[in-house]
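Structure first, then comments.
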Amino acid sequence: MLKVCGSRISFFNMALQAVCGVLCCSGCKYNGNIMHDKYPRNPSEVTTIGVSWLTKALQNSGVLEKNAKVTSVTTEDNPDGGLLGEMCRCFVEFDGSTQCPNKFMVKFAPKDFMSQVTCRIFKLGWHEFMWYKNIADDYPLRIPKMLYGDFNHRSTQVRLYYAYALPHASCTHFFNNF
């Protein structure tokens, strides 16, 4: 038995709740808890959700200047895959000058059922999101900078947009085989 918040919950019950959550909520199009807006749930939705959404997301995150706009976005599969999530490469063009990177990685919740259950039981997506949001900048290592991130507690769907490798003082990422 695990002791959680003063009550006893068996690992079996936690796993059962996770399976039910994956089956019930993972496919739902809930809004994110940060922007309170829709967000892409897979690589194909990055382009179909539109350039206006990506402009708003990057501007609200403070990485895209208010006078610049995204004019095009394309994606390609990430040949390196992802450990506990689906990933794609994203290429962006802007209509003004900006310091915002024009290529980055986008990470999604895993497609694989058992990986979804594991991520939900241990709240791995939430922990990763919070680590990049609150802790990553404090490390003197080459760590990717989260350009945009959002999540939904009910569906446990997480979206993370990371910059590619640049000097640590700016945006960095561990994928540098581009």
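What follows draws every value from the coordinates through simple rules; no lab data is involved. All values derive from a computational prediction rather than experimental measurement. Note that each Cβ is placed from the backbone with ideal geometry, even for glycine, and that neighbours are counted across all protein chains shown.
The listed peptides 121-127, 79-85, 55-61, 101-107, ordered by packing as a protection proxy, come out as 101-107, 55-61, 121-127, 79-85 (highest mean of other Cβ atoms within 10 Å first).
State which entries of Lys56/Lys145; Lys29/Lys66; Lys107/Lys145; Lys56/Lys133; Lys69/Lys133 exceed 20 angstrom in Cα-Cα distance in the structure shown. Table pairs above 20 Å Cα-Cα are Lys29/Lys66; Lys69/Lys133. The fewest-to-most ranking of Tyr30, Tyr132 by surrounding Cβ atoms within 10 Å reads Tyr30, Tyr132.
Would you order Ser155, Ser44, Ser115 from fewest to most other beta-carbon atoms within 10 Å of each residue's own beta-carbon?
Values: Ser155 21, Ser44 11, Ser115 18.
Ranking Ser155, Ser44, Ser115 by Cβ neighbours within 10 Å, fewest first, gives Ser44, Ser115, Ser155.
Built from the Cα atoms of region 42-98, the convex hull projects on average onto 4.3 nm², one quarter of its surface area.
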